[in-house]
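Report on the following structure.
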Amino acid sequence: MTENALSFVGWNERDYRSKTSHLTPYADLAYRRILGEIFVHHQDTGEIPDDDILLRQLSGFPDQWPETRHILIDGPRPVLEKTDHGTLRNSRMAEEIDKARRSRQQRIDARNAPRRKAGVDDEPDDNATAVERPSNGRGVDRSTKRVSISLSSIESLPSGIETGEPSSRARDESSVPPQLTEAAAAYRELAVAWKSPGLTDRKIQALRAKFERVLVEIVDECPGFTWAELMTRTKEQPYIRDQISSFDFEWFLKREFGGTRLNARKVWHRQFQAGAAKGLSPPSRVARSFAGNTTTRGDLK
């Protein structure tokens, strides 16, 4: 079974019963087990060797195999077809495997379409079977039950140990996506102008995963989006600077209080400017602090 093998395939019990009513209980069990063997170990070809020793073992009842073979393969109503190169195949199984592959590819393409639009790498195939999708630099190898740990997930190593990898600082800098570097540069200019909290390299690394998840949504909902333009529109809405005490770079990646829309999206569509123009008068920071409520009306729609 290859790394990209399917994990499941369609099964229509009604169709199966209608086409196998002539099978004996022994033949029915053998047929199901042979189909399973094709799916698990031979789905690339959709065929299984016409090997009596193998088939006899798969049947589950070796003593009944001669009669079972006649029913499944050699008789007047065979359910397994002989090929001219010494294998057996089942047309319906081959059709279902092909259908499942097409369906999986359509799901992958649909899931990755927004990421490709945003210039972000595709997600790994969630149907991988040999090795689980990496998480925090760790992957579980199902075939050997070993846990492999990438050196990129280790913060530091004892001195004197040579890893053959770049230094942690060089590795961190090279692993930052270009879009995040662009966003950080644009925000730092705004932070200087507004005297807002800065953005350290460590903070950038900590926000990387959240940034990549959110970027797809931002680009999808904000036509023509660039980080430089977002910061320009932020400056045009001083309500954010004056009334939102929690404002920093991460604030753009968060969602409105009790809502689902990203703050970056609201800034892009100038919703804070519109709120200020309507004469909203949120309580002052001193009043909010005294009341013990750090939530601002700027965080609300």
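Coordinate-derived values only; no laboratory data. None of these values were measured; they are calculated from a predicted model. Here the Cβ is made from the backbone with ideal geometry for all residues, glycine too, and neighbour counts use every protein chain on show.
Using bins of 5 Å that start at zero, the share of Cα-Cα pairs per bin across the stretch 175-244 amounts to 3, 15, 25, 25, 22, 10, 1, in whole %.
Once the chain from Ala110 to Ala228 is taken as fully extended at 0.36 nm per residue, the excess over their C-alpha distance is 39.6 nm.
Projecting the Cα atoms of Pro49, Leu35, Thr68 onto the charge dipole of the stretch 1-122 (Cβ charges, centred on the Cα centre) puts Leu35 farthest toward the positive pole. Dividing the Cα radius of gyration of the stretch 1-122 by 2.2 N^0.38 Å, with N the residue count, gives 1.31.
Separation of the alpha carbons by more than 21 angstrom is noted, of Lys203/Lys266; Lys210/Lys266; Lys117/Lys203, for Lys203/Lys266; Lys117/Lys203.
Using only side-chain charges placed at the Cβ, +1 for Lys and Arg and -1 for Asp and Glu, the dipole size of the stretch 1-106 relative to its Cα centre rounds to 460 debye. Once the C-beta distance of Val9 and Trp194 is scaled by a Förster radius of 35 Å, the resulting FRET efficiency is 0.05 to the nearest 0.05. Using 0.36 nm per residue and subtracting the Cα-Cα separation, the extra length available between Asp44 and Phe61 on full extension is 3.4 nm.
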